[in-house]
């Protein structure tokens, strides 16, 4: 088979180009599908849809789709085929070789040496100079590449907007995940001062706090409502001790009704 090394090397070179073209087309196509899903996620999962389980279902559908694409890609990946198959593809592309490549490879593989087989092999050796790679159809690869470029630009452009940004999707995911865990495994908390009615002097500094007993939320909201119906919401960051704190004081006599909100839950009222 030593004398057929030039056949083998030429066939392997063609096989590499052919498989690279097919695999590039596959990657661009699957990446395009992933980007369409990503664009849909930016629009639907930026916190505009209400309902924990609606958002959770959409996140799960996105994860399943992306996982499916990752599994599908290696399944459909074009791998190396035997030389006889590649020679057959080369024959089809050239069109007028009358099976000389296939026959020559068969003769070399089986070490058949006759004047006729040697003549076929020599003629096929000249056929190896044909530019088979230029005959490969690149239409699908070029189309998928253009689609990928457009979708990628659109994905980035939408993700950089303040309405459907990447940060909003991340924050919505964290809130949705926390709310789902809270639904299945409710977060335990305590409030200071305790629920009920409290009376304080003017200008007295009153510390109001929401304390999570275990791992809770990273953000909480303190809502204060006055007797005239006006309300004010203050966003609070939960500290490393798991508490959201706020100091309240007033130089006029008034009545406040307070409660905390986190995730989809709210505490009882403090008066």
- prompt: Got a sec? Which of 24, 61 is modelled with pLDDT of 95 or more and closer than 28 Å to residue 171 by Cα?
  reply: 61
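Could we say that residue 53 is under 30 Å from residue 177 (Cα atoms), in a helix (DSSP H, G or I), out of contact with any strand residue (DSSP E or B) (no Cβ under 8 Å at 6 or more places or on another chain) and at pLDDT below 95 here? Reasoning before the result, please.
Details: under 30 Å from residue 177 (Cα atoms): yes; in a helix (DSSP H, G or I): yes; out of contact with any strand residue (DSSP E or B) (no Cβ under 8 Å at 6 or more places or on another chain): yes; at pLDDT below 95: yes.
Considered against the rule, which asks whether it is under 30 Å from residue 177 (Cα atoms), in a helix (DSSP H, G or I), out of contact with any strand residue (DSSP E or B) (no Cβ under 8 Å at 6 or more places or on another chain) and at pLDDT below 95, residue 53 comes out as yes.
Residues being surrounded by 15 or more Cβ atoms within 10 Å (Cβ to Cβ) and either closer than 14 Å to residue 4 by Cβ or more than 56 Å from the chain's Cα centre (by Cα) (or both): count how many of those fall in region 112-126. If you could, list the steps in order and put the result at the bottom.
Step one: list which residues in region 112-126 are surrounded by 15 or more Cβ atoms within 10 Å (Cβ to Cβ), which gives 117, 120-121, 123-125.
Filter once more, so that each one left must be either closer than 14 Å to residue 4 by Cβ or more than 56 Å from the chain's Cα centre (by Cα) (or both): 117, 120-121, 124-125.
Total meeting the criteria: 5.
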- request: Out of 99, 80, report the one residue that is exposed (fewer than 12 other Cβ atoms within 10 Å of the Cβ) and in contact with a helix residue (DSSP H, G or I) (Cβ under 9 Å, 6 or more places away or on another chain).
  value: 80
task: Report whether or not residue 39 is in contact with a helix residue (DSSP H, G or I) (Cβ under 7 Å, 6 or more places away or on another chain), without any contact (Cβ under 8 Å) to a residue 40 or more places away in the chain, assigned by TED's automatic domain parsing to the domain that holds residue 155 and in a helix (DSSP H, G or I).
output: no
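The values are calculated or read from the model by the stated rules, or taken from the named source; none is laboratory data. Note that this is a predicted model, so its numbers are computed, not measured. Cβ: placed from backbone, ideal geometry, glycine included. Neighbour counts: every protein chain shown.
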